[in-house]
Amino acid sequence: MPEVPPPAPTGDAVLKVLSALGNPHRMRIIAALTENRNYVSALAREIGMGRPLLHMHLQRLEAAGLVVGTLELAEDGKAMKYFEVTPFFYELTPHTITRAAATITEKADPAERADRTAKEEAK
């Protein structure tokens, strides 16, 4: 039986993924997590980033469906949140962008607005 191709992503989903990947820190996070899953503190040390900033980036990646986090208990009873990359594949061609653009419902990504607001306040 031939494999059925996955449905074309919606415009909103494409925008969310592109927005999430449009940041060098988030691309480095994906690269680090591609090697192996990791918990927030260790990942922060590995990529040289503070935990609060890393957590914000992980939230964006998780909202876009690119990573998934799971809470686990360590042997000492401490709760640790592990993140790993989810399998994903996006084909960007003029045709797929045209189909996705026809389904856009969001006026702007809320996280993108928050990024813009933070940049404007920093000026």
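Some observations on this one:
- Extension reserve of the HIS95-LEU18 stretch, reckoned as 0.36 nm per residue once the Cα distance is removed: 26.1 nm
- Per-residue HN-Hα couplings for the range 81-97 [Karplus 6.51, -1.76, 1.60; θ = phi - 60°; Hz; x = Gly/Pro]: 9, 9, 10, 8, 6, 8, x, 8, 8, 10, 9, 9, 10, x, 5, 5, 5
- Centroid-to-centroid separation of the range 66-81 and the range 24-55 [C-alpha atoms, Å]: 15 Å
- Label positions at PHE88 and THR70, each projected 7 Å from the Cα along the C-beta direction, are separated by 1.9 nm.
- For the range 1-112, the per residue solvent-accessible surface stands at 66 Å², with DNA, RNA and ligands left out and a 1.4 Å probe.
- Label zone at ILE104, where the point sits 7 Å out along the Cα-to-Cβ direction: the range 7-33 residues whose backbone N lies under 20 Å: 8-23
- Cβ-based charge dipole, the range 19-85, positive-most Cα from GLY22, LEU66, MET56: GLY22
- Counted residue by residue at 0.36 nm each, then reduced by the alpha carbon distance between them, the extension gain from HIS55 to ALA42 reaches 3.5 nm.
- Sequence-distant residues sharing a close amide H with THR86 (under 5 Å, placed H): VAL67, VAL68
The values are calculated or read from the model by the stated rules, or taken from the named source; none is laboratory data. Note that the structure is predicted; figures quoted are calculated from it, not measured. Neighbour counts are summed over all protein chains in view; Cβ atoms, including those assigned to glycine, are modelled from backbone coordinates with ideal geometry. With ligands, DNA and RNA removed, areas are computed over all heavy atoms of the protein, side chains included. Shrake-Rupley method; radii C 1.70, N 1.55, O 1.52, S 1.80 Å.
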